[in-house]
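> Sharing a structure with you now.
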Amino acid sequence: MSTLLIKNIDMLVTMNPTREEIADAAILVEDNRIIWLGSTAALDPWLQQQGPALAGVEFDQVIDAAGTIVTPGLVNCHHHMWQSLTRGIATGTGKKLFDWISMLFPIWAELRPEGAYTSAKLVLAEMVLSGCTTVSNMLYLYPNGVRIDDEIRAAREAGVRFHPNRGSLTLPESEGGNVPERLCEKEEDVLKACIEAIETYHDPEPYAMLRIGVAPNMPNSVTPDLMRESARLAETYPKVKLHTHTSETMDDVRYTMANYGKTPVEYCEWVGWQGEHVWYAHAVQVNDAEVDWLARTNTGVCHCPSSNMILASGIAPIRQMVDKKVRVGVGVDGSSSNDCNNLLAEARLAMLLQRVGYPGFESSGDRFTAREALELATLGGARVLGQETIGWLAPGQAADFVAYRMDDIFHAGGLGDRVSSLVTCHPTNVWLSVINGRVVVENGEFLPYDLEPVIAEHNRISRWMMSQAGVA
């Protein structure tokens, strides 16, 4: 048994059912779970009530968190980590989704196992430093011996709670898709790889650190048969979820209408993709009836504001989804359709984008609040991923939480409402991160491994891939 005490927290945001916020707070952790939280002054009386076992105990580690705000760890619901190897190449050109991805496919075709592993190590560290404790990723291309195992190895080294989704591309350009032939897999091989990943790594138990998802990429890159078979496969395993891109752009809508006579959401319903075990990335181009359907079927959505803006995809109706009780989380997407792996920044942009895009400017009331945005990035993400023990803080919950300094230059003057200021002010890195009871960031330093050699190796691989693809 190990114990960790965080005390003198300026403000503790619990995201519990009453959304309690506690000033001058403390959190007590035993092994990987929270056993108590409350005001720092109430800790000693509580310990005395527990009897000799805890009264006067010396904790293994005590951290004074004065000057900080503590929140549940942020939950990233959608990512493609290998794309960090091509950051900045296509994002500044103003290209739309299909043109953007066509430009990058030849470079991504040069991905090797060491590139998948190294990019994951870099991105996961970047995510952790921004406040993420749980990361969901979709790896959908597997050239040159790349396996989902490469990213899982990196996640274990980084110490994050990881939801890798075994993605796939099977519909080549010659058959009406948008994927180069060399990046397509056979569908039987995809299903076999999904089963292997699930049976090797998937943990359905509470407090799981690793859960596998099944994730055919999108309607223009896989067949309806693969979508249906993937849905059937997921149903045979507990807690295995389904993830895909849906209604990201008007081009997506035009594609499914032209090929199947259905919108992307109607297509997903047609192939059996709905319910609490399903979540879609984006859902930008959806209508009122489809939002109602998402709510009625309890199908989740991951909002990716930066990526949607960079690729000119549109503004997802998140205000409407939240009001209709759709399960909504936040994701950074890309690493090259965003170029920034900072989920706190995405929460801020989610708030701002709903305000600028809110259709009822003449109506009274809040258009989207800072607290709503923070909730999407914590509790909302946990609900999307089906992780009941994360996303909010209480005794018995997983010890996943982060602390941001509020006494720095970026938050000066914002102490009247620290919770709002965390979202509305400049997004900063965490001062402390605890994942599954383990301190992974302390005093702003990422502890699991040295970042300098990872950055150097990442850049070397990036340059090599671009040279192989003939990109200067």
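Quick note: the coordinates plus some simple rules give every number you see, no bench work behind them. Note that this is a predicted model, so its numbers are computed, not measured. Here the Cβ is made from the backbone with ideal geometry for all residues, glycine too, and neighbour counts use every protein chain on show.
> I'd like the isolated cysteines in the chain, meaning no second cysteine's beta-carbon lies under 4.7 angstrom from theirs.
CYS132, CYS184, CYS194, CYS268, CYS304, CYS340, CYS425
> Then there is this: Grab the beta carbon distance between ARG460 and ARG182, set R0 = 22 Å, and tell me the FRET efficiency rounded to 0.05.
FRET efficiency, ARG460 to ARG182: 0.40.
> A further question on this structure: In whole angstrom, note down how far apart the Cα centers of the stretch 92-141 and the stretch 434-472 are.
Cα centroid to Cα centroid, the span is 12 Å.
> Please give the net charge around VAL123, taking every other residue with its beta carbon less than 13 angstrom from that of VAL123, where Lys and Arg add +1 and Asp and Glu add -1.
Taking every Cβ under 13 Å from that of VAL123, the sum is -4.
> Counting other beta carbons within 10 Å of each residue's own, what order do ARG367, ARG405 fall into, fewest first?
Lowest count first: ARG367, ARG405.
> Now for a separate question. For the stretch 306-318, just list the computed ³J(HN,Hα) in residue order, Karplus coefficients 6.51, -1.76 and 1.60, θ = phi - 60°, integers in Hz, with x standing in for Gly and Pro.
So the J values, rounded to whole Hz, are 4, 4, 4, 6, 4, 8, 6, 7, x, 10, 5, x, 5.
> Determine the relative contact order of the stretch 74-385: mean sequence separation of Cα pairs under 8 Å and six or more apart, normalised by residue count, in whole percent.
Relative contact order of the stretch 74-385: 21 percent.
> Tell me the net charge near ASN137. Cut-off is 14 Å between Cβ atoms, ASN137 excluded, with +1 for each Lys or Arg and -1 for each Asp or Glu.
+3
> Calculate the FRET efficiency for THR424 and ASP60 from the Cβ-Cβ distance with a Förster distance of 56 Å, rounded to the nearest 0.05.
Efficiency computed from Cβ-Cβ geometry: 0.95.
> Pull out a ≥ b ≥ c, the square roots of the eigenvalues of the alpha-carbon gyration tensor of the stretch 195-237, then state rounded if a/c is under 1.5, prolate if not and a/b is larger than b/c, and oblate in the remaining case.
prolate
> Would you calculate, for the chain, the mean residue ellipticity at 222 nm contributed by helices, counting each DSSP H stretch of 4 or more residues as -39,500 (n - 2.57) and dividing by all residues, to the nearest 500?
Calculated at 222 nm, the ellipticity per residue is -10500 deg cm²/dmol.
> Mind scanning LYS192/LYS325; LYS192/LYS241; LYS96/LYS241; LYS96/LYS325; LYS239/LYS325 and naming the pairs with a C-alpha gap bigger than 24 Å?
Pairs exceeding 24 Å: LYS192/LYS325; LYS96/LYS241; LYS96/LYS325.
> Report the extension gain between ASP407 and ASN144 in nm, rounded to one decimal, defined as 0.36 nm multiplied by the number of residues separating them, less their alpha carbon distance.
89.8 nm
> When ARG156, ARG319 are ordered from fewest to most other Cβ atoms inside 10 Å of their Cβ, what list results?
ARG156, ARG319
> Of VAL271, THR378, MET465, which is farthest along the charge dipole of the chain in the positive direction, counting Lys and Arg as +1 and Asp and Glu as -1 at C-beta?
The listed residue farthest towards the positive side: VAL271.
> Report the local net charge at LYS192: Lys and Arg +1, Asp and Glu -1, summed over other residues whose C-beta lies under 13 Å from its C-beta.
Local charge sum for LYS192: -4.
> Using the Karplus curve 6.51 cos²θ - 1.76 cosθ + 1.60 with θ = phi - 60°, work out ³J(HN,Hα) for each residue of the stretch 156-161 in order, rounded to whole Hz, and write x for Gly and Pro.
So the Karplus estimates, Gly and Pro as x, are 5, 5, 6, x, 8, 7 Hz.
> Starting from the Cα-Cα distance between GLU173 and GLN50, subtract it from 0.36 nm times their residue separation and give me the gain in nm to one decimal.
37.6 nm
> Quote the FRET efficiency, to the nearest 0.05, computed for LEU447 versus VAL356 with a Förster distance R0 of 35 Å and r equal to the Cβ-Cβ distance.
0.35
> Provide the percentage of antiparallel DSSP beta bridges, counting only those with both residues in the chain; round to the nearest 5.
45
> I would also like to ask the following. Applying the Karplus parametrisation 6.51 cos²θ - 1.76 cosθ + 1.60 with θ = phi - 60° to the phi angles of the stretch 209-217, what ³J(HN,Hα) value in whole Hz is obtained for each residue in order, glycine and proline being reported as x?
For the stretch 209-217, the Karplus curve yields 8, 8, 10, 8, x, 10, 8, x, 4 Hz.
> Just how large is the dipole of the stretch 74-385 about the Cα centre, in debye to the nearest 20, putting +1 at every Lys and Arg Cβ and -1 at every Asp and Glu Cβ?
660
> Starting from the amide H of THR246, placed 1.01 Å from N in the peptide plane, find each other amide H under 5 Å away whose residue is 5 or more places distant or on another chain.
It is ALA281, ALA283, by chain and number.
> Going from the alpha-carbon gyration tensor of the stretch 247-297, what semi-axes, largest first and in whole Å, does one get by taking the root of 5 times each eigenvalue?
Square roots of five times the eigenvalues give 17, 12, 10 Å.
> While we're on this one: Which distance in nm do the two modelled labels at ASP189 and ALA42 give, with both placed 7 Å along the Cα-to-Cβ direction?
Here the answer is 5.8 nm between the modelled labels.
> Let me ask something additional. What residues from the stretch 423-454 fall in the zone where the backbone N is under 17 Å from a label point 7 Å along the Cα-to-C-beta line of ASN8?
Within reach of a label on ASN8, which here means backbone N under 17 Å from a point 7 Å along Cα→Cβ, the stretch 423-454 contributes 431-432, 443-444.
> Shifting gears a bit: May I ask for the equivalent-ellipsoid semi-axes of the stretch 74-385, computed as the square root of five times each C-alpha gyration tensor eigenvalue and listed largest first in whole Å?
Equivalent ellipsoid of the stretch 74-385: 26, 22, 20 Å, largest first.
> Please order MET466, MET406 by the number of other Cβ within 10 Å, starting at the fewest.
MET466, MET406
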